[in-house]
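Notes follow once the structure below has been shown.
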There are 2 protein chains.
Amino acid sequence: MIGAGPVDLRPIFYPKRVAVFGVTDTPDRVGYNILQSIIFGGFTGRVYPIHPRHQQVLGCKVYKSLANVPEPVDMAIICLNQFATVEALENCGRAGVKGVICSAGGYRETGEAGRALERRLVETAEKYRLPVIGPNTLGIINNDGNFYSTFYPLKIPAGKVSLISQSGGIGLAAIHTAIDEGLGINKFIGVGNCANIDFADCLDYLENDDSTTVIGVFIEGTSDAARFARTAGKVAWKKPVVVYKAGRVKDADQYTQTHTGSAAGSFPLYRDILRQHGVFTVSSIAELVAACKALAFQPLPKGNRVGILTHTAGPGVVMMDYLKPAGCVIPALLDQTISRVKQIIGSADPPVVLKNPLDAVGLGFGRSVYGGLAEAMLADKNVDLLLAVYCLHQTWELPAAELIAAHKKNNKPLLVNFIGNWLDCRQDQEFLQTAGVPLFTAPEKTAVAASALVHYGMRQKG
Amino acid sequence: MIGAGPVDLRPIFYPKRVAVFGVTDTPDRVGYNILQSIIFGGFTGRVYPIHPRHQQVLGCKVYKSLANVPEPVDMAIICLNQFATVEALENCGRAGVKGVICSAGGYRETGEAGRALERRLVETAEKYRLPVIGPNTLGIINNDGNFYSTFYPLKIPAGKVSLISQSGGIGLAAIHTAIDEGLGINKFIGVGNCANIDFADCLDYLENDDSTTVIGVFIEGTSDAARFARTAGKVAWKKPVVVYKAGRVKDADQYTQTHTGSAAGSFPLYRDILRQHGVFTVSSIAELVAACKALAFQPLPKGNRVGILTHTAGPGVVMMDYLKPAGCVIPALLDQTISRVKQIIGSADPPVVLKNPLDAVGLGFGRSVYGGLAEAMLADKNVDLLLAVYCLHQTWELPAAELIAAHKKNNKPLLVNFIGNWLDCRQDQEFLQTAGVPLFTAPEKTAVAASALVHYGMRQKG
């Protein structure tokens with residue numbers, strides 16, 4: 001955090017002219033990979049690689065120093081060692097650069113000498129009021145502007161969810177999980193050591209970033225847990241924030257300290273202050289992505305009353321274990337809904353138990369029966385959102401079109417739990433999600449996703 | 001449980017001649033789907049569909065009754081309504097059938113009349129000392145004998161893990177998760193209402209089933225929790241048992257009762273007695289499959305000391321949250337290991353912190369460096385098993401061959417956490433797992449898998 005007021009991170013995410021320090025021509029170096037990332041990601045601005053000894057890398061002309069670059073740059077990515085990084089940062093500040101990413105490690109996570117070096121880095125940044133992402137960071141991605149600056153060249157589907165991660169590895173795990181889930185990512189921020197830009201600064205920035213509608217956070221620890229929780233809680237009034245806090249065990253500090261130099265702190269403390277500020281928390285990468293997915297795809301429910309439609313009871317039992325502790329209620333269906341259900345099902349033998357969760361057993365496979373039941377439950381005034389469970393079957397097809405129609409008619413949140421393997425569910429995932437209805441394969445993830453919707457739905461209601 | 005002593009379930013899993021009651025020619029009926037399953041699964045014995053009015057279904061001659069079948073059958077699958085099922089069971093008993101699966105619901109899960117009907121079913125079964133799977137069950141799969149009797153026709157890879165599930169839907173979820181994980185299944189048992197064959201009977205049977213080496217259980221509740229835990233604990237001396245207990249919330253009974261007629265009971269009670277009997281428990285389908293996978297692929301470690309090799313620190317921090325509470329220890333590396341590591345890495349800038357977890361940062365991508373470090377850590381006398389973290393990268397390839405070689409040389413358990421999406425990791429998953437080294441994409445699942453290995457490794461040590 002530099003000085004008072006929110007920090008402008010826009011030059012870092014939407015640059016027009018970028019300098020990359022330390023671009024060599026060997027594919028095993030960070031500088032090379034970052035240039036590769038920028039090109040591969042489809043950046044449409046101008047990029048200026050800098051290296052004292054190289055002429056050309058990956059088809060780009062290389063400049064000897066920032067002074068040699070023919071025009072002012074908005075932002076710079078510094079891929080030099082920890083010492084040279086501080087020097088380059090000074091040059092950036094002097095040249096009027098508006099934002100910097102420092103990828104090198106070797107700072108406070110390595111001990112006393114590193115701490116001193118990081119202090120110099122921060123002082124330099126503050127002197128020029130220069131926002132610095134990192135050091136010790138994977139980098140950032142802005143899918144809204146095709147700007148990829150990590151040293152893992154990739155191209156991921158664009159969407160409305162932005163991720164902030166203290167760890168590059170966990171950030172990548174979340175990104176790849178999002179790929180599996182068919183969830184597009186808007187921005188990714190690897191905060192690393194948070195030297196002068198902390199989680200709270202990133203949250204403040206994303207609060208006002210129009211292309212982001214949901215924020216997911218992976219945090220190991222921060223020097224100011226209270227500010228983090230307060231900011232997350234504030235931002236969440238405007239767009240949902242989901243937090244995965246790791247470093248829960250008592251001696252976690254020893255592992256987080258040598259990672260990004262942050263203490264993990266007390267997990268119960270984090271949990272309690274996040275709860276106090278009304279922030280939804282999760283316990284795994286899978287849950288983080290599932291919660292963000294539901295929040296990105298679906299409107300918030302008007303209440304906490306969850307309907308469950310299924311043709312197999314077990315998933316409902318599993319879901320309860322997540323829904324109930326999250327404050328969800330499984331309401332009774334209205335009499336008129338029961339009548340409609342009877343009408344749709346006809347006479348079944350054994351009779352279908354007419355309650356919520358509604359288990360239509362064998363009858364539940366049929367396209368029109370299942371679609372009709374979904375519609376009837378969504379129309380029920382007692383039901384604020386619906387979880388529709390369906391199992392992959394060789395004979396039957398998931399009534400995806402019927403589910404979409406039922407959702408559109410009632411405009412209440414609908415989450416589909418399609419029990420199947422990734423490959424065989426892929427096509428239905430795409431079909432449903434193109435229409436805005438998220439598909440999950442695990443009942444646990446479906447329930448966490450529903451809990452996230454209910455959490456923010458209830459919070460908005462006050 | 002019928003009478004004293006273990007029940008012989010072999011005729012149900014390895015039949016030569018099977019009767020299927022209630023086979024109609026409409027693809028929306030259970031009988032049809034079960035016949036389809038048997039054919040699709042590649043059953044090599046003889047199958048006799050039974051129906052009073054049909055002549056031929058799916059190319060098979062249909063018999064009017066069991067009396068019309070030209071030879072005695074070993075087992076029967078009854079796909080009739082709940083009332084007719086009891087009559088057919090009586091006929092099976094009289095005809096000397098050795099085992100029966102009853103698919104129909106409509107028994108104790110539906111109320112008093114159903115309870116009375118189920119008592120009649122049990123009395124009939126006991127009269128003939130006839131083991132009955134179900135009623136209210138998806139059926140069973142025996143991949144060791146290509147015998148698929150569920151009403152979800154499918155064909156899954158064969159392996160050494162057998163699953164027992166109270167819920168068909170969760171059973172299918174576990175099966176599809178196993179498909180995603182590249183984990184072969186040996187047997188699947190949908191126990192349903194557990195009328196006269198309970199979890200404990202199935203565990204007893206699988207204990208002596210040579211083709212099963214690991215058992216996974218999904219349970220909502222059983223009338224005899226103590227017997228369940230005791231049996232699981234006993235069987236686990238011979239082969240690992242992993243239990244996922246659902247129905248954890250206080251009012252879970254109301255949902256499990258109408259599912260399979262079993263009370264969920266007190267979750268803390270289940271947790272405590274399972275722990276007392278030394279049974280490893282998990283909290284989700286994903287964890288159930290991950291734990292079974294590690295146990296199926298890898299030898300048990302000689303102790304609880306976990307080495308972690310990575311080139312990104314975050315996953316290690318996440319793993320600690322699972323490993324530490326499970327009793328795992330993160331030991332210091334031996335001096336000679338540190339020397340070897342130094343030799344392999346050479347001079348790095350910033351210097352690699354020489355400790356466990358060993359984060360080789362950028363250097364860790366290299367095939368020979370990573371492979372060498374894995375080998376050095378596995379050779380360390382302080383390390384009982386190794387978790388190797390690697391992130392999918394466009395430039396670098398997972399050093400799969402090197403990891404396999406390191407594992408073979410030391411014969412200590414090795415789990416690979418390859419951070420990536422399903423599609424892009426698929427090939428490495430197959431390559432590694434063909435060589436017996438399991439690949440997981442989520443650090444949480446890797447850690448649970450390691451905890452399962454450590455649990456049973458320590459238990460065997462005493």
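Below, the figures for the structure above:
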{"item": "Distance histogram in 10 Å bins (all Cα pairs of region B:409-462, percent per bin)", "result": "23, 47, 25, 5, 0"}
{"item": "Estimated distance in nm for a label pair at B:Lys250 and A:Val329, the labels positioned 7 Å out from Cα along Cα-to-Cβ", "result": "1.6 nm"}
{"item": "Neighbour-count order for B:Phe199, A:Phe418, fewest beta carbons within 10 angstrom listed first", "result": "A:Phe418, B:Phe199"}
{"item": "Convex hull of region A:24-101 built on C-alpha atoms - directionally averaged projected area, nm²", "result": "5.0 nm²"}
{"item": "Cross-link partners of A:Lys98 among lysines (Cα-Cα below 26 Å; sequence separation of 8 or more within a chain)", "result": "A:Lys16, A:Lys61, A:Lys64, A:Lys127, A:Lys155, A:Lys160, A:Lys187"}
{"item": "P(r) of region A:10-292 over all Cα-Cα pairs, binned every 10 Å from zero, in whole percent", "result": "7, 31, 36, 21, 5, 0"}
{"item": "Average projected area [Cα convex hull, region A:280-358], square nanometres", "result": "6.6 nm²"}
{"item": "Shortest-first distances to equivalent copies, position A:Asp28, nm, label 7 Å out along Cβ", "result": "6.3"}
{"item": "Inter-copy label distances at A:Ala158 (7 Å, Cα→Cβ; nm, one decimal)", "result": "5.0"}
{"item": "Footprinting exposure proxy for A:Ser347, A:Ser65, B:Ser368 (fewest neighbouring C-beta atoms within 10 Å first)", "result": "A:Ser347, B:Ser368, A:Ser65"}
{"item": "Test item: Cα-centred dipole of chain B, Lys/Arg +1 and Asp/Glu -1 on Cβ, debye", "result": "860 debye"}
{"item": "Rg/Rg_globular for the protein assembly as shown, with Rg_globular taken as 2.2 N^0.38 Å and Rg from C-alpha atoms", "result": "0.99"}
{"item": "Closest-to-axis residue of chain A (Cβ criterion, axis taking A to B), whole Å", "result": "A:Trp422, 2"}
{"item": "Degrees separating the helix B:367-379 axis from the principal Cα axis of chain B, which is the longest one", "result": "80 degrees"}
{"item": "With Cα atoms, 0 to 90° folded angle of helix A:285-297 axis to chain A main axis", "result": "70 degrees"}
{"item": "Order of A:His455, B:His259 under a 10 Å beta carbon neighbour criterion, fewest first", "result": "A:His455, B:His259"}
{"item": "Label spacing, shortest first and in nm, from B:Pro299 to its equivalents in the remaining copies (7 angstrom along Cα→Cβ)", "result": "6.1"}
{"item": "Loop-located trypsin sites (Lys or Arg not before Pro) in region A:244-332 whose Cβ has at most 15 other Cβ within 10 Å (DSSP)", "result": "A:Lys250, A:Lys302"}
{"item": "Three semi-axes of the equivalent ellipsoid, region B:114-218, Cα gyration tensor, whole Å, largest first", "result": "25, 15, 11"}
{"item": "Pairs beyond 21 Å (Cα-Cα), from A:Lys238/A:Lys302; A:Lys355/A:Lys461; B:Lys239/B:Lys409; A:Lys293/A:Lys408; B:Lys238/B:Lys293", "result": "A:Lys355/A:Lys461; B:Lys239/B:Lys409"}
{"item": "Within chain A, helix-based [θ] at 222 nm, where runs of 4 or more DSSP H residues each add -39,500 (n - 2.57), nearest 500", "result": "-12500 deg cm²/dmol"}
{"item": "Percent RCO, i.e. relative contact order, over chain B, from Cα pairs under 8 Å lying at least 6 residues apart", "result": "12 percent"}
{"item": "Share antiparallel - DSSP beta bridges, region A:1-142, percent rounded to 5", "result": "10 percent"}
{"item": "Neighbour net charge for B:Glu397 - beta-carbon separation under 9 angstrom, K R +1, D E -1", "result": "0"}
{"item": "Rg(Cα)/(2.2 N^0.38 Å) for region B:356-462, N = residue count", "result": "1.03"}
{"item": "Measure of compaction for region A:52-156 (Cα Rg per 2.2 N^0.38 Å)", "result": "1.11"}
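Every number here is computed from the coordinates shown, using simple stated rules; none is lab data. Values in this document were obtained by computation on a predicted structure and should not be read as measured data. So basically every Cβ, Gly included, is an ideal-geometry build from the backbone, and we count neighbours across all protein chains shown.
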